[in-house]
Structure formats: structure tokens, C-alpha cells
Amino acid sequence: MSLAVVQTRAKLGVEAPSVSVEVHLSNGLPAFHMVGLPETAVKESKDRVRSAIINAHFEFPARRITINLAPAELPKEGSRFDLAIAIGILAASGQIPLERLHQYEFIGELALSGEIRGVTAVLPSAISCGADNKALIIGQPNATEASMVEGLTILPANHLLEVTAHLHLRDSLQPWYQVRAEIPEDSPQLSDVIGQQHAKRALEIAATGGHHLLFYGPPGTGKTMLASRLSGILPPLTNREALQVASVYSVAGKGLRDRIWSRPFRSPHHTSSAAALVGGGSTPKPGEISLAHCGVLFLDELPEFSRSVLEVLREPLESGEIMISRVAAQTLYPAKFQLIAAMNPCPCGYLGNRRCSCTPDQIARYRHRISGPLMDRIDLQVQVTAIENHQLLNQQIHEHPAGDSNQQIQQRVCSARNRQLERQGKINGHLSSRELHNVCPLNNAQRALMDQAIDRFALSTRSFYRVLRVARSIADLAGLETPELPQYQEALSYRAAIESHSEQP
């Protein structure tokens with residue numbers, strides 16, 4: 001039979017749609033035609049495949065070869081189809097059996113010698129392959145990455161000859177099993193930060209409900225240190241979250257992260273462009289917000305970022321995803337991250353201190369680099385003050401820093417999150433306004449407090465609901481069924497602090 005169909009996977013964002021490689025050999029002058037919307041790297045595969053087949057001591061058919069990559073409307077890119085095309089040609093020419101091809105999917109780039117090289121974005125393909133109950137034949141370099149998918153039979157190979165021997169039932173490929181053990185992390189301890197109990201408390205609340213947080217204060221007060229400790233007190237990634245994060249890194253061409261089960265922490269420089277932050281390019285790649293999916297995006301020196309760059313954060317902060325549109329296609333990437341930012345109160349950073357020489361106009365221009373709608377989306381806005389002399393000097397006397405360890409804080413955060421998941425199926429930072437009415441019922445005293453706060457601090461509707469979310473998280477930390485008046489007061493103190501601070505001379 002001169003027709004063979006081999007299954008493989010394309011790359012489309014974090015998705016991996018199925019592609020059928022249909023190979024037909026017909027009479028006529030020798031030719032090699034490929035259809036199905038292939039881009040340049042796919043078209044070039046015919047030269048790699050021809051050399052690989054010949055150097056593997058097979059016969060390259062001297063016939064008219066037509067290859068269709070179906071579905072035709074799906075763009076095909078990269079060298080990931082080489083192995084499937086080679087297997088299809090060998091099967092259509094009768095050099096390997098057709099009977100077992102439907103059991104497998106093939107992904108890999110071929111060297112001219114017939115060796116199989118690794119490709120990017122294998123993990124999404126492995127997830128989809130496992131969902132279709134098929135075995136995956138890939139290059140050895142991709143075996144570890146694909147092994148993250150439980151229940152998937154992975155058959156890595158180093159050479160085209162190994163694959164053909166397996167299909168001939170002469171020398172079977174051995175399944176790859178990766179034993180994954182969590183390596184203990186030596187993450188920086190929150191107790192290393194001197195003083196700043198108010199900021200540490202806000203950081204624990206932010207970790208509990210997945211809230212966005214802004215630290216502002218003079219230089220050298222520990223804002224960056226505090227932010228870098230957040231990932232150490234967040235709960236470990238679940239299996240599903242770890243696969244999502246690993247898929248984004250796989251699509252970005254970064255392979256597996258060193259610590260698979262820890263939440264990602266991304267800290268782009270303030271000179272980053274909008275495309276670097278949200279993703280882009282002619283072939284859209286994920287940006288920093290997608291690489292921070294299920295983790296933390298830390299923006300240090302927030303006003304130093306271009307305002308146009310910061311504005312692109314507004315939509316993904318609400319939706320948890322980013323759509324990158326190009327003429328050829330639209331690509332959707334996940335972007336459910338937790339924003340932590342740090343800024344100075346004025347250009348020199350020493351507002352209210354005799355060292356400050358900033359004029360009111362300079363301070364206003366500095367703060368206006370951050371738009372009101374973006375600030376409105378930040379749940380907690382915490383002032384970080386200068387460390388007292390006695391705190392700094394006493395720290396030198398004690399061998400061990402005072403305060404709870406990351407493990408103790410993480411246990412409290414995990415307990416509070418478990419309450420949230422049992423009650424509403426999601427963390428508080430993701431609650432809708434309708435859901436908040438059920439979990440945060442206001443009595444008369446609480447209504448009066450919120451009524452005064454809305455007028456005094458000019459809270460928008462969005463700000464009002466964010467205060468409720470923070471109060472709900474504070475109540476979960478305390479183990480309360482519903483938030484009480486002190487929880488709402490504390491939540492308002494985090495929301496109102498920057499307004500009162502901006503009134504200082």
C-alpha cells in the first residue's frame with residue numbers, strides 16, 4: 001500500500017492540536033511535495049528526512065511523494081514533524097509495517113545521520129497524547145520533560161533505526177520512568193528581615209488569599225527582601241499547577257525549571273518592554289506574566305517602568321490570561337500571577353526627611369507614572385518605614401533571627417487556603433462580587449464602617465470588593481466563619497495607607 005498516516009502534534013501556545021501526517025507515493029517523476037500550511041522550517045524537513053533515511057540504510061523512494069499535514073488550516077512550524085514524516089515515508093514504501101502506527105505519536109527532529117534530536121514545547125504534546133491513550137515516541141533529550149505526565153507511556157529513542165526496530169518488533173524501545181523526588185529548598189527566610197512586622201503581616205495575608213501587594217517607602221528598608229520571601233511561604237504547586245507552569249516554560253523554550261514544585265518568581269528589570277512583559281513576537285512566545293503563572297511577578301521600582309508597559313498589566317490582572325493576536329493566529333497564554341511591587345514615595349526616596357529635596361511637582365509627576373486604574377487593582381498598599389536603631393543593633397546581638405520560620409508561616413497559609421477551597425472552591429483573590437456577598441455578609445456596624453471608608457478614601461466599586469476579599473483572608477487566617485469588624489478595619493488600613501502617606505508635606 002502506498003498510503004500511510006502517522007500521528008503527531010503541532011504547537012499552538014500551550015495547546016498541542018493533533019496533526020495527521022498523510023504520506024502518499026504515486027507513479028511519476030521523482031518529486032517531494034508538502035502541503036498543509038507548512039512554514040519554512042517544516043518545508044526544509046524534506047532534505048533532513050531524505051538524508052536521515054539514506055544514512056539509516058533505508059531506500060528513499062524514487063517516486064512522487066505527496067505529504068499532507070492535516071488539518072490544512074492549522075499553521076505548522078518547527079522541526080518537530082521530521083520523525084513522523086520519515087516514519088510515514090518508510091511505511092508508505094513498505095519498509096516498515098503499518099499495523100502498529102495507530103498506537104503511537106511521533107515527535108522529534110532528525111539529524112542528517114538519522115539521530116533524533118529534542119524539540120521545544122514537548123510537554124503540552126505529552127499531556128494531549130496521554131489524554132488520547134497513546135504512547136509517545138520522542139527523542140531521548142525530551143524524555144525527562146515528558147515524564148511529568150502521569151500514566152503516559154514514553155518511548156525515547158536516539159536514532160531512527162531504534163524506532164524502526166521497535167515497529168518491526170525486533171528490539172523494543174524501553175519505557176522511560178522518571179522518579180521525581182522533591183529536593184528540600186533553602187529559601188530565604190522571612191525572619192531574616194529586621195523589624196517590619198506590619199509588612200510581614202501584610203505579606204502573610206497576601207499569600208493567604210493570592211492578593212496583589214505594593215510596598216512603598218524609603219530606600220534600604222527591606223522592600224525587595226520582603227518581596228523575595230513571598231514564594232517561600234506560598235503553598236507548593238499542585239500536580240495540575242506544576243504541569244501548567246512547566247507547559248509554559250516548555251513552550252518558551254526554557255525546558256524544566258530547577259524546582260518543579262515551587263512557585264515561580266519572576267523579577268523583570270524596569271527597562272523591559274511591553275512585549276517582554278506580556279509576550280509577543282512574529283511567532284508569539286509567552287512573556288514574564290505567563291512565566292509567573294501560578295507564582296509571583298515582582299516589579300521593583302514600579303514608577304521606573306514605562307507607563308505604557310504597566311498599562312498592559314490591567315487586563316491580565318483581572319482575567320488571569322493574555323491573548324496575543326497576530327494576523328496568522330491568536331494565541332492564548334495563562335497569566336494567573338500574583339503581583340508584588342515596590343516603589344519609593346518620591347524620586348529621591350526620602351519624603352518627609354530633611355534629606356529630601358523633591359518639589360511637589362516632581363513628586364506628583366513621579367506618582368502619576370502609575371495610573372489610578374492600575375493602583376485600584378492592587379489589594380494591599382503597605383508603607384515600609386525606616387528601621388529603628390535599637391532593632392538594627394539588637395539584631396547583631398542575637399545569633400538567630402526573631403520571628404516565625406517560613407515553614408510555620410506556610411502551614412498557616414495552607415490551613416487558611418484549605419478553608420477557602422472547602423468553602424468556595426477557589427482562593428479569595430479570585431472571588432467574584434456575587435460570591436463575595438455570600439462569604440462576606442455585612443451587618444449594620446460593618447455597613448456603617450464601609451460607608452464612611454468609601455466616602456473618606458473615595459473607594460471605587462473595584463476597591464470596595466478588594467477590601468472585602470482582604471478581610472475574608474484575614475478572617476481565614478484567624479479561623480473565623482465570617483469576617484468581623486476588626487478584620488474589615490485591618491483590611492481598610494492596608495487600602496488607605498498610601499492615601500494618608502501622600503498627604504505628607
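The values are calculated or read from the model by the stated rules, or taken from the named source; none is laboratory data. Just so it is clear, the structure is predicted and the values come from calculations on it, not from any experiment. Positions of Cβ are generated from backbone atoms using ideal geometry, with glycine treated the same way; all protein chains shown enter the neighbour counts.
Among the numbered criteria (1) closer than 23 Å to Leu317 by Cα; (2) crowded, with 17+ Cβ neighbours inside 10 Å; (3) at pLDDT below 95; (4) under 30 Å from the mean Cα position of the chain (by Cα), which one does Ser460 miss?
(2)
Looking at (1) buried (at least 19 other Cβ atoms within 10 Å of the Cβ); (2) closer than 28 Å to Leu214 by Cα; (3) of a type outside the set (Ser, Thr, Tyr), which is the one condition that is false for His270?
(1)
Which one of the conditions (1) within 19 Å of Phe106 (Cβ to Cβ); (2) in contact with a Lys or Arg (Cβ under 9 Å, 6 or more places away or on another chain); (3) acidic (Asp, Glu) does Glu241 fail to meet, given that it meets all the rest?
Result: Glu241 passes all but (1).
Kindly establish whether Pro235 is under 17 Å from Asn406 (Cβ atoms) and modelled with pLDDT of 90 or more.
Yes, satisfied.
Is there any pair linking a residue in the stretch 364-389 that is within 19 Å of Val193 (Cβ to Cβ) and in contact (Cβ under 8 Å) with a residue 40 or more places away in the chain to one that is outside any loop (DSSP other than H, G, I, E, B) and of a type in the set (Gly, Ala, Ser), with Cβ under 7 Å and at least six apart or on different chains, and which?
The qualifying pairs are Leu380/Ala202; Leu380/Ala206; Gln381/Ala497; Val382/Ala199; Val382/Ala202; Val382/Ala497; Gln383/Ala497; Val384/Ala199.
Against the condition in the same structural domain as Ser18 (by TED's automatic domain parsing), at pLDDT 95 or above and β-branched (Val, Ile, Thr), how does Val42 come out, does it pass?
No, not satisfied.
In this structure, is Leu69 closer than 23 Å to Pro124 by Cβ, within 40 Å of the chain's Cα centre (by Cα) and at pLDDT 95 or above?
Here the answer is yes, as Leu69 does meet what is asked.
Among Glu59, Glu22, which is the only one that is acidic (Asp, Glu), in the same structural domain as Gly130 (by TED's automatic domain parsing) and surrounded by 15 or more Cβ atoms within 10 Å (Cβ to Cβ)?
The conditions single out Glu22.
Would the stretch 185-200 turn up any residue that is over 30 Å from Thr221 (Cα atoms), of a type in the set (A, V, I, L, M, F, W, C) and either in contact with a helix residue (DSSP H, G or I) (Cβ under 7 Å, 6 or more places away or on another chain) or surrounded by 23 or more Cβ atoms within 10 Å (Cβ to Cβ) (or both)?
No, the stretch 185-200 contains no residue that is over 30 Å from Thr221 (Cα atoms), of a type in the set (A, V, I, L, M, F, W, C) and either in contact with a helix residue (DSSP H, G or I) (Cβ under 7 Å, 6 or more places away or on another chain) or surrounded by 23 or more Cβ atoms within 10 Å (Cβ to Cβ) (or both).
If I go through the stretch 289-317 residue by residue, how many of them are more than 21 Å from Ser231 (Cα to Cα) and not hydrophobic (A, V, I, L, M, F, W, C)?
Adding up the residues that qualify gives 8.
Assess whether Glu204 counts as being assigned to a helix (DSSP H, G or I) and either out of contact with any Cys (no Cβ under 9 Å at 6 or more places or on another chain) or outside the structural domain of Ser18 (by TED's automatic domain parsing) (or both).
Yes: the conditions hold for Glu204.
Which members of the stretch 415-434 meet the condition of being surrounded by fewer than 16 Cβ atoms within 10 Å (Cβ to Cβ) and under 19 Å from Gly479 (Cα atoms)?
Answer for the stretch 415-434, where residues must be surrounded by fewer than 16 Cβ atoms within 10 Å (Cβ to Cβ) and under 19 Å from Gly479 (Cα atoms): Ser415, Asn418, Leu421, Glu422, Arg423, Gly425, Lys426.
With the structure loaded, tell me whether Ile474 is of a type in the set (Val, Ile, Thr), part of a helix (DSSP H, G or I), modelled with pLDDT under 95 and surrounded by 15 or more Cβ atoms within 10 Å (Cβ to Cβ) or whether it fails that test.
no
Using the structure shown, decide if Glu150 is of a type in the set (Asp, Glu) and not assigned by TED's automatic domain parsing to the domain that holds Gln408.
Yes, satisfied.
Report, by residue number, each residue of the stretch 131-151 that is under 17 Å from His102 (Cβ atoms) and touching a strand residue (DSSP E or B) at 6+ places or on another chain (Cβ under 8 Å).
Hits for the stretch 131-151 are Asp132, Lys134, Ala135, Leu136, Ile137.
Do any strands (runs of 3 or more DSSP E) entirely within the stretch 1-61 hold 3 or more residues that are touching a Ser or Thr at 6+ places or on another chain (Cβ under 8 Å) and either polar (S, T, N, Q) or under 30 Å from Gln244 (Cα atoms) (or both), and if so, which?
3-9, 18-26
Going by the conditions given, is Leu459 outside any helix (DSSP H, G or I), touching a residue at least 12 places away in the same chain (Cβ under 8 Å), under 20 Å from Ile378 (Cβ atoms) and not basic (Lys, Arg)?
yes
If Phe215 satisfies every condition in (1) crowded, with 20+ Cβ neighbours inside 10 Å; (2) in the same structural domain as Val14 (by TED's automatic domain parsing) but one, which is the exception?
Of the numbered conditions (1) crowded, with 20+ Cβ neighbours inside 10 Å; (2) in the same structural domain as Val14 (by TED's automatic domain parsing), the odd one out for Phe215 is (2).
Please return the ranges of helices (runs of 4 or more DSSP H) entirely within the stretch 234-349 where 1 or more residues are over 12 Å from the mean Cα position of the chain (by Cα) and farther than 14 Å from Val14 by Cβ.
It comes to 239-251, 274-278, 307-311, 314-319.
Kindly indicate whether Ile363 is farther than 26 Å from Met225 by Cβ, surrounded by 16 or more Cβ atoms within 10 Å (Cβ to Cβ) and of a type in the set (Val, Ile, Thr).
no
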